[in-house]
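Working notes, beginning with the structure itself.
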């Protein structure tokens, strides 16, 4: 009888404690998520260059494999050096073109402001307003000093981030062949080491596929956009071409933004509107063709991300990291999905992020990490 009473008392205590323990676990999970988001936000100046450097390293590995497949007898150091130089030179050229184009737009500032004021006056007349509609009445007085200070602060942050990214990129490129050995020593067991290597390899393989597909489709779209801008005679075409190509890496909305921006400047540059309409419609037509015919064939089933999850990740990473977060939304989602897949408690999150409910990207015997 005492045993039964004791058992019942123990049972009643455990049942009573269950809601408390579940509440504690839920609170710990929420606190952990909030702390992780806070760390990602406050450490953004350090983490963003690191992630960009990782993506560039993956791109270098893809170039290395491409060159080695066509130049099998080439020494490894020469292939790695060539791939690194190609990536660095391309990135530097893009940055130089963007800086030159921005400087030209700033130098044309008074002319652009005057043209915008004339457009505002025309809109006011078409609306039969009693008072003339001037640009200053819409946006207020523009302080040149404030604009210059804002641009200077932005350029300083950009250059510091680029410097840190170059440092990360150099160390990653130099130590990429030692990653497998480091993982095996740090894991402590062969099974854990193989799991970690498989996860890193899958992340690298899917980011490599994503970057490759986006680069090919982006080049197709950029070529068409550059052609139509040259035909209509838009100024600073090289700047708009580089900007448009970069915007193609922003999922869902990048191409739309890339078609609106040069169209608006065409409205400012030309007295007629057909140039702006032509630029916008041609880019949208080519984007529809690429998005429905070319992109699915290149992508196949390698990017297993739900479209809604892509939009949510774009909103989340843009809110957290701003414009760099928009560019890194898909790579960060790919990394998160593969990490969530490795733990039973978070596998359901990976299933929700995936397109088919099965967050396994590749079934291959050899991952990119094993090839190093």
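The values are calculated or read from the model by the stated rules, or taken from the named source; none is laboratory data. The shown structure was predicted, so the numbers you read here are calculated from the model rather than taken from an experiment. Cβ placement follows ideal geometry from the backbone for every residue including glycine, while neighbour counts extend to all protein chains displayed.
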Can you name the condition, by its number, that residue 311 falls short on among (1) surrounded by fewer than 18 Cβ atoms within 10 Å (Cβ to Cβ); (2) more than 13 Å from the chain's Cα centre (by Cα); (3) in contact (Cβ under 8 Å) with a residue 40 or more places away in the chain?
(2)
Keeping to the stretch 64-97, report how many residues are in contact (Cβ under 8 Å) with a residue 12 or more places away in the chain, closer than 19 Å to residue 165 by Cβ and more than 20 Å from the chain's Cα centre (by Cα).
5
Would you confirm, using the coordinates I've provided, whether residue 161 is modelled with pLDDT of 85 or more, within 24 Å of residue 96 (Cβ to Cβ) and surrounded by 13 or more Cβ atoms within 10 Å (Cβ to Cβ)?
no
Can you confirm whether the stretch 262-275 contains a residue that is under 27 Å from residue 200 (Cβ atoms), surrounded by 15 or more Cβ atoms within 10 Å (Cβ to Cβ) and touching a helix residue (DSSP H, G or I) at 6+ places or on another chain (Cβ under 8 Å)?
no
Please go through the stretch 190-220 and pick out each residue that is surrounded by fewer than 16 Cβ atoms within 10 Å (Cβ to Cβ) and modelled with pLDDT of 90 or more.
219
Sole miss for residue 296 among (1) over 26 Å from residue 56 (Cα atoms); (2) outside any loop (DSSP other than H, G, I, E, B); (3) at pLDDT below 85 is condition (1)
Return yes or no: is residue 267 farther than 26 Å from residue 51 by Cβ, in contact (Cβ under 8 Å) with a residue 24 or more places away in the chain and assigned to a helix (DSSP H, G or I)?
yes
Could you please tell me which pairs satisfy a Cβ distance under 8 Å, a separation of 6+ or placement on different chains, a first residue in the stretch 211-237 that is at positive phi and without any contact (Cβ under 8 Å) to a residue 60 or more places away in the chain, and a second residue that is surrounded by 18 or more Cβ atoms within 10 Å (Cβ to Cβ) and in a helix (DSSP H, G or I)?
233/275
Quickly run through the stretch 340-371 and pick out the residues that are touching a helix residue (DSSP H, G or I) at 6+ places or on another chain (Cβ under 9 Å) and at pLDDT below 50.
361, 362, 364, 366, 367, 368, 369, 370, 371
Among the residues of the stretch 221-236, what is the count of those that are surrounded by fewer than 17 Cβ atoms within 10 Å (Cβ to Cβ) and assigned to a helix (DSSP H, G or I)?
4
